[in-house]
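Rule-based calculations on the coordinates, nothing more; no lab input. Bear in mind that the values here come from a model prediction, so they are computed numbers and not experimental data. All Cβ positions, even for glycine, are placed from backbone atoms using ideal geometry, and neighbour counts span all protein chains on display.
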Amino acid sequence: MTFQRLAISAGNPRNGLLRQLPASELMLLHAHLQPASYAPDMPILSPGTRLQHCDFIEQGLISLMGRTGWDKRVEVGSVGREGMLGVGAALGIEHAGHYAVTQTACQAMRIDTGRLRELLPMLPNLHRLLLRHAHERMMEAMQLSACNASHSVERRLARWLLAAGERLYPAPIEITHARLGALLGVRRAGITVALHMLEGERAIRASRSQIELRDAARLEACACACHGLLRRTLQADHPPAEQSRPCEAAPLN
């Protein structure tokens, strides 16, 4: 039996990093992966906690949160099926430096951090991908710092919905106004007003706890330039085949 057939019989990966691995590396890694599930709004990491395991996300969305005070946090990045939670472990980091909270129900393939470090010398392609993924998260954090300091709530919200839509497609975004406000560091009332504005532009359809992207082009026109800037920066570094699937939305009724 070929490596490719073995890989498929062991489970066809839905994670973007695992899909890019050659079959030989995937099979070596697969023996050490265990499925994991997380409920929505579930804390996974907090600053100072030991990175005991890493999660290759297969479904869902996780927010990486930075501290702005003793009781306030704001999103500084996110990870979905394109990446891995705990990528600092590939850089030799022992403890988390940020919060990680699920925004939706998540499914992942988990590996013990110590075992991952033992395997990396035998997994050169995975090691390269994880270093690049860490670089992407740093680029995202820098872009969001500029975004949060410069743009209106409406434009930042549209940017966040575009990024979330790409990671969750084709599922709708299940999130409350209050949690969106916490992510963007604004009041819930401001989120409600901004959502109504985007609905008026026929870019989204929003209910109390669910947002459907109706027209990605209209939504991008409402967003700040940060989403496009980050996407073009990452595309300049990586071939198109390695990019996550672009956001697609249902046509207008």
Expressed as a rounded percentage, what relative contact order does the chain have, with Cα pairs under 8 Å and six or more residues apart? 19
Run the numbers on the range 152-242 and let me know its relative contact order in percent, using alpha-carbon pairs under 8 Å that are six or more apart. 35
CD proxy at 222 nm, helix term only [per DSSP H run n ≥ 4: -39500 (n - 2.57); per residue of the chain; nearest 500]: -13000 deg cm²/dmol
Checking the a/c ratio against 1.5 first, then a/b against b/c, what shape does the Cα gyration tensor give for the range 3-146? prolate
Between rounded, prolate and oblate, where does the range 152-242 land on the alpha carbon gyration tensor, with a ≥ b ≥ c its root eigenvalues, rounded for a/c under 1.5, else prolate if a/b exceeds b/c? prolate
Among 55, 41, rank each residue by its count of other Cβ atoms within 10 Å, from fewest to most, as a rough exposure measure. 41, 55
When the chain is treated as a GNM, springs tying every alpha-carbon pair under 10 Å, which of 83, 60, 48 comes out with the largest mean-square fluctuation? 48
The range 70-213: relative contact order from alpha carbon pairs under 8 Å, six or more residues apart, as a whole percent, is 27
Using modelled backbone amide H atoms (1.01 Å from N, in-plane), which distant-in-sequence or interchain residues come within less than 5 Å of residue 61's amide H? 103, 104
Given charges of +1 on the Cβ of Lys and Arg and -1 on the Cβ of Asp and Glu, with all other atoms neutral, how large is the dipole of the range 152-242 about its Cα centre, in debye to the nearest 20? 320
Proxy exposure order for 63, 46 (fewest C-beta within 10 Å first) is 46, 63
Only helices at least 15 Å long along their own axis, judged from Cα atoms, and with Kyte-Doolittle mean hydropathy of 0.0 or greater: name those in the chain from DSSP H. 188-200
Which ordering of 32, 133 is given by a fewest-first count of other beta-carbon atoms within 10 Å? 32, 133
Starting from the Cα gyration tensor of the range 138-188, take the square roots of the eigenvalues, sort them a ≥ b ≥ c, and report rounded, prolate or oblate (rounded when a/c is under 1.5, otherwise prolate if a/b is larger than b/c, else oblate). oblate
Amide hydrogen neighbours beyond the local backbone of residue 45, cut-off 5 Å, H modeled: 100
Residue 185 long-range amide H proximity, modeled H, under 5 Å: 75
